[in-house]
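Please treat every number below as a calculation from the coordinates, not as lab data. Every value quoted in this text rests on a predicted model; they were computed, and no experiment measured them. When we count neighbours, we look across all protein chains shown, and the Cβ atoms used for this are built from the backbone with ideal geometry, even at glycine.
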Amino acid sequence: MVNIDATMRGVHWAAISKEAPFTEDSSNQKAEYDIAVVGGGFCGLSIALHAASAGRSVVLLEAGTIGCGASGRNGGIVVPHFPGAMTADDVVQVLGRERGERLAKLVADGPGFVFDQIRELGIACDGEQNGWLQPAHSEKSLAKVRRVHESWVARGVDAEWIDAQGVAEMTGASGYLGGWHRKSGGTVNPYALAQGLARVARERGADIRQHVVVGSILKDGAAQVLSTSVGEFRARKVVIATNAHTPSLYPGLAQSVIPVLLFHGFTRPLDDAEKRTVLPTRVCFTDLRKSGGFSRLSSDDRVIIGGAIFRPSNHRAYSEWHSARRLAELFPHLGGIHVESFWEGWCALTDAYLPAIQRLEPNVYSVIGFSTRGVALAQTLGREFAQFLCENKTETEMPVRVGPVLPISMQPIKAFLGGFAFPAYQLRDALRLT
């Protein structure tokens with residue numbers, strides 16, 4: 001388990017959020033709940049919201065504050081695709097035809113669901129559905145991106161191929177050879193979205209608590225008893241949705257994901273002339289570079305950039321240097337613009353780069369490991385799992401297998417070495433090997 005920083009210090013999303021920080025009350029408190037959710041990020045909030053909307057009594061326990069983990073610290077890009085160059089065909093190979101196609105549909109339809117829900121619930125998170133693009137920065141990545149595009153087109157998804165000139169016109173970025181685009185993608189203020197989901201879940205009856213650390217979960221008859229820093233909570237079913245911050249409540253649970261520390265930074269706001277040449281369509285994009293090749297505009301017209309942390313370095317100095325270098329590569333006409341706001345956060349990877357649903361014991365589950373695609377996928381899978389907990393879906397109908405805990409082989413070593421891999425990623429990207 002990695003440390004939780006509930007302060008959100010330096011996170012620009014919190015500074016510009018139009019949703020107020022979530023405040024709790026005790027009006028929805030129960031002696032025993034149908035469902036207890038551990039974790040107040042997108043997945044846990046989605047489970048709580050949809051289970052409460054279905055009439056179940058729900059308590060959500062967050063060790064920090066709502067959205068203080070990856071959900072409030074990510075780039076806020078709503079992506080209609082799997083991580084990197086993974087295709088739906090690759091997912092079918094891992095999960096089997098029926099389940100793989102079910103997950104592919106969930107991923108493809110995810111942004112549409114996210115933006116529809118934002119509008120329906122009236123969440124003020126600066127949602128902009130201006131499309132998402134996966135451009136290719138090298139000949140090798142161009143072949144991979146074409147394969148991704150063809151896989152989606154074969155499934156009837158409205159994925160559009162864009163040539164090099166089209167990518168340059170849409171993004172204002174230099175060096176791309178082509179790519180594919182979906183209009184359904186877009187951007188949000190992720191911190192504001194988390195606050196809004198919590199607000200609506202509370203309005204629908206969920207009891208949401210902050211600064212509550214769960215120490216153990218023990219069976220007592222038909223209920224599970226969650227012993228916490230503020231006392232005990234009882235529930236018939238429990239789901240742990242803590243991602244990179246997953247505690248060792250069960251053997252192997254914390255070792256079932258690899259935490260990866262990422263940084264994000266914002267530039268100063270662009271002026272009117274710069275906005276005409278940098279992301280002029282306000283499309284967002286993510287390429288295949290391991291050292292970070294993504295960009296978008298915030299609601300206050302700042303460019304966002306980021307990547308993985310190289311642990312032996314001075315985080316801030318190293319990350320600002322890398323950001324300046326990548327910004328100059330993508331947008332050379334910005335002329336030395338630098339990062340003003342900087343923060344870090346943890347994401348969680350699984351071996352398969354797909355989320356995992358694990359049965360820890362009867363009526364106790366975990367849903368973790370969104371592998372950089374959590375803005376949409378954590379919410380949509382959370383909705384699906386809420387239906388499962390409400391017994392409106394069976395295990396066989398889930399888009400991800402419900403199975404035992406699967407610790408990653410040599411997880412502590414892989415997690416440690418991951419912090420030293422970034423220079424190798426930079427070199428591979430520079431040599432066009434990705």
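Side notes on the structure shown:
- Pairs exceeding a 19 Å alpha-carbon distance, out of LYS144/LYS290; LYS219/LYS393; LYS18/LYS275; LYS30/LYS237: LYS219/LYS393; LYS18/LYS275.
- Antiparallel content of DSSP bridges confined to region 264-411, in %, to 5: 90 percent
- Under 16 Å from LYS105, Cα to Cα: aspartates and glutamates that are on another chain or at least 8 residues apart: ASP89, ASP90, GLU150, ASP158, GLU384, GLU397
- In the chain, the longest principal axis of the Cα atoms and the axis of helix 190-203 are about 30 degrees apart.
- Under 11 Å, Cβ to Cβ, from VAL11 - net charge with Lys/Arg +1 and Asp/Glu -1: 0
- Antiparallel bridges, percent of DSSP beta bridges restricted to the chain (to nearest 5): 70 percent
- When region 290-402 is reduced to its Cα atoms, the Kirkwood hydrodynamic radius in Å: 17.1 Å
- Remark on the chain: hydrodynamic radius 21.8 angstrom, per the Kirkwood mean of 1/r across alpha carbon pairs.
- Dipole in debye (nearest 20) - the chain, about Cα centre, beta carbon charges: Lys, Arg +1; Asp, Glu -1: 640 debye
- For region 244-335, size of Cβ-based charge dipole, Lys and Arg +1, Asp and Glu -1, in debye: 200 debye
- For VAL405, the shell of other residues with beta-carbons less than 11 Å away shows a net charge of 0, using +1 for Lys and Arg and -1 for Asp and Glu.
- Amide H contacts under 5 Å for ARG268: HIS338, GLU340, restricted to partners 5 or more places along the chain or on a different chain, H placed in the peptide plane at 1.01 Å from N.
- Packing-based exposure ordering (other Cβ within 10 Å, fewest first) of PHE420, PHE370: PHE420, PHE370
- Alpha-carbon centroids, region 66-120 and region 136-177: separation in whole Å: 19 Å
- Region 198-257 shape via C-alpha gyration tensor axes, a/c threshold 1.5: oblate
- Label point at LYS414 placed 7 Å out along Cα→Cβ; residues across region 63-84 whose backbone nitrogen lies under 15 Å: none
- Potential lengthening of the chain between GLU391 and ASP109 amounts to 99.2 nm, from the contour at 0.36 nm per residue minus the alpha-carbon distance.
- The helix-only estimate of mean residue ellipticity at 222 nm for the chain, built from DSSP H runs of length n ≥ 4 each weighted as -39500 (n - 2.57), is -10000 deg cm²/dmol after division by the residue total.
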